[in-house]
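Reviewing the structure listed below.
The values are calculated or read from the model by the stated rules, or taken from the named source; none is laboratory data. What you see is a predicted model; the values in this text were computed from it and never measured. Please note: Cβ atoms are built from the backbone with ideal geometry, for glycine as well, and neighbour counts cover all protein chains shown. In case anyone asks, the SASA skips ligands and DNA or RNA and just uses the protein heavy atoms, side chains included. Shrake-Rupley method; radii C 1.70, N 1.55, O 1.52, S 1.80 Å.
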Amino acid sequence: MAPNSDEADTAMPMDSSPHEVEGVEGEDPTLMTLPKDTNRWINPPKQRQRWGDTQILPHVNWGDLFFDLFYVGAAYNLAAILKASPSGLGILYFLGCIFPVILLWNDKMLYDSRFAAEDDTYHRTLEILILGSVATAVLHIRPVNYMADGENSITMFAFCLGLTLASILHQLRYLELCLWVDGGPEAKQSGLRDVLGRSSSTVWFLAATIASALAYYGSSDSHDDDHRILAGDSDTVFRQTVNSTDLPILLCLIGSFSQLIYTIVMIIFCFPNDGSHKKKTVPMNIDFVIHRTGEWTMLMLGESILSLLIVDIERGINYSLTFYSGIISAILLQYMHFRSQPHHADGHAMRRTKEAGVAFSFLMQAYSASLVAVGGSYKMLLYEFTYEGEYDSGDGKRLLTPSYGPPLGRSLAGGPPSGFSEEDRQQRVANIFCISLAIVWFTSDMMTICHKGLSSNWDRCHCDKDSNFSKIGAFVIFLRICLLVFIATLSQYVSDPTPIAIIGLVGNMAQVILREMSTAIFSDGNVHDTHDGEKHSEESDEDDDKWPNTTQARATHIIGN
């Protein structure tokens, strides 16, 4: 497809024209413009590709995989927020922590999809500082009883400080593009635009840091007992309403959404539809984006696995049913994700239209947060069995009495959430589980619509022979809508841990079956023109009939003498 075609002109501004080549893997000609005797101390970053250039997926960057490890810990700590406080206040702190964390990950992904920094001393040092800032923020993602007690705990201040430093350091990367870059003039313009856009969130994070610093350092307390067990100290820890002490987390949440709003306004309303935006923007490597978002999804699903495996063991049939329901559900969610997402750049929302690309970015964030909440919910369901038989040791700790072995010591912060009766606690856990699972299904379907478009999905619902609406297809769609409504409202009439977990598993299995039925009933989806003039269909790929995200074995048959 020609880069100046109408379809290419309406693509997302940060996308390149739909070209792919089968060249030497990892050898990107746009990254080989500097002489071999580059400076070992500092070199300008390189622009990966320009509009109309062929795109080659870079080699796997081990630094990216190492960078992702920090977010595994972030996801695990985020789930702990919901476990310790399954309330509206807990959800606020969960959202106020996860969206800024997602923003930090997206910053690196969007930069790396357009530019490549040299492996020199300056960029190594900058990377270490960014990782240290991210680690600081992740370390201090703690339950509400710590983060909300800003006068006695430094947790909230340290979290906001880590976010602010990481955001400023990311801005330095974009500022570097304004000063020097090995690329076209559009690279410097993109750098300036990104510096200004990133400021929208940095200012809010800085305000949160100042507010939390004033709360902690402005307090008359000596903070000598900052490390104490906070879970049973005061009823302010377990309040369920928002007050002035929650200002820092509100500022963090506003900061993450301000960046999203800036992106929407800039791309949707400021970039023209005639393709002239290409003179001022650098396209993204969409195959790289697909690859990285797939790895990010695995991180979020990995939190579900960690939550299920790192938990106190309790013998009993109900515990086992809940555990294996969670494990199988996580596997099915992984299958559904990679089955529904495109494996080629031509089928991605960011290549179709700018509106679809922006919508996909927002849905991916909501999808990620919901995956973490689902994993945390399974952990909370399992803990309902370990809460039974607890007794107070009299020294400020709860001792768990498992079905075998000696009692297990656990601080109050790790026991059942205080301030809730058993029935109320189970109801809250069921609410979080059902709503988050429904959001996972809904956002997954919406991302599929973004990739293919409303008109294309509507056309697929019609029979090929007479162009009439498929009654069987309509029935399948109706079943999927009913299943979504059912799981979203399930907690209103079921709250026991084991039935909730089993029904969730059955719902995920039903989702897989209904999606496979949709693939079999509906006609093939979008057909794209490739660079060689041939047609390519996302649903008709041979690989689409195989288990997604796997490497197929190959062997050469050797004929003996």
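Just a few scattered comments:
- When peptides 299-305, 423-429, 77-83 are ranked by their average number of other Cβ atoms within 10 Å per residue, the highest-first order is 77-83, 299-305, 423-429.
- Note on exposure: 178, 450 ranked by accessible area (1.4 Å probe, complete protein assembly) read 178, 450, with the most exposed listed first.
- Using a Förster distance of 25 Å, the FRET efficiency for residue 494-residue 520 (Cβ separation, nearest 0.05): 0.20
- Estimated at the nearest 10 Å², the accessible area of residue 92 is 20 Å² with a 1.4 Å probe.
- In this label model, residue 69 and residue 179 are separated by 3.1 nm, measuring between points 7 Å along each Cα→Cβ vector.
- For the residues 344, 337, a 1.4 Å probe over the protein chains yields an accessible-area ranking, largest first, of 344, 337.
- For the residue pairs 279/452; 108/278; 83/108, the alpha carbons lie more than 25 Å apart in 279/452; 83/108.
- Once both labels are positioned 7 Å from their Cα atoms along Cα-to-Cβ, the gap between residue 471 and residue 320 label points is 4.7 nm.
- Note on residue 172/residue 422: beta-carbon distance plugged into 1/(1 + (r/R0)^6) with R0 of 56 Å gives a FRET efficiency of 0.65.
- Extending 7 Å from the Cα toward the beta-carbon at both residue 40 and residue 486 defines two label points whose distance is 6.6 nm.
- Residue ranges 148-157, 370-379, 189-198 sort as 370-379, 148-157, 189-198 when ordered by packing (mean number of other C-beta atoms within 10 Å per residue, highest first).
- Maximal additional length on extending the residue 310-residue 124 stretch stands at 63.6 nm, based on 0.36 nm per residue less the C-alpha distance.
- With the largest listed first and rounded to whole Å, the semi-axes of the equivalent ellipsoid of segment 237-339 from the Cα gyration tensor are 39, 26, 10.
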